[in-house]
Amino acid sequence: MELDPDDVFRDEEDDEFYEERDATKELLVYIVDASPKMFSTTSPAEHEEEVSHFEVAINCIAQCLRTQIVNRSYDEVAICFYNTREKKNLQDLNCVYVFNVQERDDLDRPTAKLIREFDLIKERFNKQIGSKYGIEPGSRDNSLYNAIWAAQALLRKGKWLLYHFRSAKTADKRILIFTNEDDPFGCIKGATKIDMMRTTLQRAKDARDLGISIELLPLSKPDEEFNVSVFYAELLGLEGDEIAQFKSLVGERLEDLRGQLRKRIFKKRKVRRIKFIIASGLSIELNTYALIRPTNTGTIAWLDSVTNLPLKTEKFLICGDTGTLIQEQPKRFQLYKNDTIMFSADELSELKRVSAVHLHLLGFKPLSCLKDYHNLRPSTFVFPSDEEAIGSTRIFIALHKSMTQLKRFALAFYGNSSQSRLVALIAQDEITTSRGQIEPPGMHMIFLPYSDDIRHIEELHADSESLPHATDEQIKAASALLKRIDLKDFSVCQFSNPALQRHYAILQALALEEDEMPDMNDETLPDEEGMSRAGVVKALEEFKVCVYGENYDEEIELASKAKTAATSEASKKRKAIAENAVKEYAKHDWSDLADNGQLKDLAVQELKYYLVAHGLPVGGKKEVLISRILNHMGK
């Protein structure tokens, strides 16, 4: 078996760009307030009809279920309504309804049937579930307490099922609450209110102590403020600056709510933990995060045509000479100077072993030494971890601040058992706005090239005087064009991969048994409406005239006519060749020649007459042409 060098040195063990080795499973419970207040209308967005807060929450969850079934299909979700007329939950608690479909656990992976049924919930809610206030004077019912308790029970039940997916330690358990009521106990007075608030807060604290994260997605009208300090700040465990930061997010428009939810569902998952050796006897622990990675369509599973069960693929090696199965582990070889170098499996494993050190500091260099084209692939973000090495964060902060002040980057050797690279660690300051943190503080690990990886640009013009130059007028016209078609607030995050979007839209339509495929918005297509504006058209015309001259369109038309004439001439020539081939083909009894084995007596040109007459390829040696003719004749 020939040895593929790329395969030998491929990183099978841990490539943080393509594989999340420490990826965690997530158990998520949506808790939606279904009180009558949630059905009050919001202020409409531009060109949109008025929608209730309840509809906003339902639409967000429905969209995220579709996204989740594609991106994180093994995560498990549950949907829980509180302040409901009907009740349906494990503890038989009042005013709590856990929405589900048949043949699915309350906390389970999202399915096509769940999404289909959930899409109809807005029309069926009042009839099947109903809305009512679950916290009222004179009643001891506490719907919010019951909802958190029901969600906690679902997540606790899910914990016992995690042996199917590694261990319970790999699961993130989360609760997301949708509500527009900042004071759920506002209608209650006196000792009853204090007691109900205390028990609800204690229930939330118990959940957090069990490792369950509770998050709030508040809904409010533009003229109303959701005051998180009234009750939910203590329920979420927010203090000091955290409350101010949360309040800044509350004011975001309802149109951004779906984006908020996606950000909170699909958190950045750490790829792995590495050791950063700064000097002999001094090392810290770092977590690495892949900020960018290619997104591909899901893998195709082969199914049995009768049972529809997944097929298991087995690989066998067969001897090319005898056709027998090879039982022993085959050796691989690599040709080197006309010699065959054999490798055993153990030798290959040892050959691939480069270093056991994760990250080793070599020194520091000015940032000016680092060029944009030195980045071999998307960078990896690193952040300190005190889980195993106490003090890692302090040392990291000291290095981070020093590198920022001195404008230097750290040069390090990044190696593992099968890969080694030089990397640059570049410090990044925290970036915040009124809406919260935009970029976290930390370092970007940029993979640097070796000297073998650098490709120098070949100079097309050795003499600088022979280079073409643009006139001042042409530069001025180009600048005017650039200003006219400048993209405001551009970000790569605005563009989705149209091929992926179409792929998953088709899968969604098939899985949900939809009659029509969802509309696709290809954001990569040029803005034809914008390019047709009078100012843009004028700038384009001036630039074209300035560069190519006023007769440019006429020259293009003449060139097009000449090309058309040449194409027509070539077409006539091909037609004449085909007609001649048909005449020559008719001179032979091809069936008789084939039966008597006399095709080999014909010249190559004569064989090509048959092929051209039947529209077959004419390339290849004489034996290939004869074989092609016999196959066409069915002999």
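The values are calculated or read from the model by the stated rules, or taken from the named source; none is laboratory data. All values derive from a computational prediction rather than experimental measurement. Calculation scope for accessible area: heavy atoms of the full protein, side chains included, ligands and nucleic acids excluded. Shrake-Rupley method; radii C 1.70, N 1.55, O 1.52, S 1.80 Å.
General observations
- Accessible surface calculations at 1.4 Å, restricted to protein heavy atoms, place the stretch 378-427 at 47 Å² per residue.
- Solvent-accessible heavy-atom area per residue, rounded to whole Å², over the stretch 79-221 at 1.4 Å: 48 Å²
- Long pairs among Lys37/Lys87; Lys315/Lys337; Lys573/Lys622; Lys88/Lys173, criterion Cα-Cα beyond 30 Å: Lys315/Lys337
- Within the assembled protein chains, the solvent-accessible surface assigned to Tyr548 is about 130 Å², based on a 1.4 Å probe.
- Heavy-atom accessible surface of the stretch 567-633, averaged per residue, reaches 66 Å², computed with a 1.4 Å probe.
- Amide proton proximity set for Val32, modelled H, under 5 Å, gap of 5+: Cys80, Phe81, Tyr82, Phe178
- Cross-link pairs Lys25/Lys205; Lys538/Lys563; Lys587/Lys621; Lys275/Lys331; Lys193/Lys247 - those with Cα-Cα distance over 32 Å: Lys275/Lys331
- Share of carbon and sulfur in the accessible heavy-atom surface of the stretch 567-633 [1.4 Å probe, %]: 52 percent
- Amide hydrogen proximity for Val271: with H placed 1.01 Å from N in the peptide plane, the residues at 5 or more positions away or on another chain lying under 5 Å are Thr288, Tyr289, Ala290.
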